[in-house]
Amino acid sequence: MASILGRIGASLLAFFVGGFCGGMVAQVLAVSTGATEEYILVFVVTAAIAFFVTLPFFVAQFFDPPRRALDKVAISLAASLVILVLGLAGWTLLNPSANGGDWGIIAGLTLPNLTTIGAHWLVVRAMQPRMPVAPFGRKAGLEPGR
C-alpha cells in the first residue's frame, strides 16, 4: 500500500503533466484553427479541468484495487465530458451563428480536456503498485524450486 505522501505526489505530478499536455493540445489547436480572442475560454476551461480532475483521481487511489478504481474514474470523467460536449454541439446545431458555427471552440473544449484526463489516468495509474499474479495450473500450491 502506498503512503499518503506518495499518493499526494502522484496527484501533483498528474496535475502538472495533465495541465501541460492539455495546454499543449489547446495551443496546437489554437494555432491550426487561427483562433482569436474567444479561444481564451478554451485555455481557461482546460486549466479548470486539470484542477478539478485531480480530486477524483486522488480519492480513487484510496480504494482497495486502486487500478480498477482509477479506470472507472477515467471512464466516467471522459464519458461525462463527451456528454457535455455533445450537448454543446447539439445546441450549436440548433442555434447556428453568423460565422458558421463554433466548431473550433467545441474541438478546443473536447480534445485538450480528454488529453488532460488521459494524462492524469496514465500518471496516477503508473504510480500504483501492481497486484501480484496468482499462480494457476497443476503446480499452483507448490513453491518455486520444488
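Miscellaneous remarks
Residue-wise test of (1) touching a strand residue (DSSP E or B) at 6+ places or on another chain (Cβ under 7 Å); (2) part of a helix (DSSP H, G or I); (3) crowded, with 20+ Cβ neighbours inside 10 Å; (4) not small (Gly, Ala, Ser).
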| position | (1), (2), (3), (4) |
| --- | --- |
| 22 | no, yes, yes, no |
| 27 | no, yes, no, yes |
| 32 | no, yes, no, no |
| 39 | no, yes, no, yes |
| 42 | no, yes, yes, yes |
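- Test: residue in segment 57-69 that is among the charged types (D, E, K, R) and not in a helix (DSSP H, G or I): yes
- Just one of the listed residues (35, 107, 30, 26) is more than 29 Å from residue 130 (Cβ to Cβ), over 21 Å from the mean Cα position of the chain (by Cα) and touching a residue at least 60 places away in the same chain (Cβ under 8 Å), and it is 35.
- Of the residues making up segment 51-69, those that are closer than 17 Å to residue 21 by Cβ and buried (at least 17 other Cβ atoms within 10 Å of the Cβ) are 53, 54, 57.
- Of all residue pairs spaced 6 or more apart or on separate chains, those with beta-carbon atoms under 7 Å, a first member in segment 69-87 that is within 14 Å of residue 113 (Cβ to Cβ) and a second member that is of a type in the set (Phe, Trp, Tyr) and surrounded by 14 or more Cβ atoms within 10 Å (Cβ to Cβ) are 74/121.
- Residue satisfying all of: in segment 89-127; modelled with pLDDT under 85 and in a loop (DSSP other than H, G, I, E, B); surrounded by the most Cβ atoms within 10 Å (Cβ to Cβ) among these: 102
- When the criteria are applied in full, residue 48 fails the requirement of being among the small types (Gly, Ala, Ser), within 17 Å of residue 18 (Cα to Cα), in contact (Cβ under 8 Å) with a residue 12 or more places away in the chain and assigned to a helix (DSSP H, G or I).
The values are calculated or read from the model by the stated rules, or taken from the named source; none is laboratory data. Since the structure is predicted, the reported quantities are computational estimates derived from the model, not experimental observations. A quick note on method: Cβ atoms are made from the backbone with ideal geometry, for glycine too, and the neighbour counts reach across all protein chains shown.
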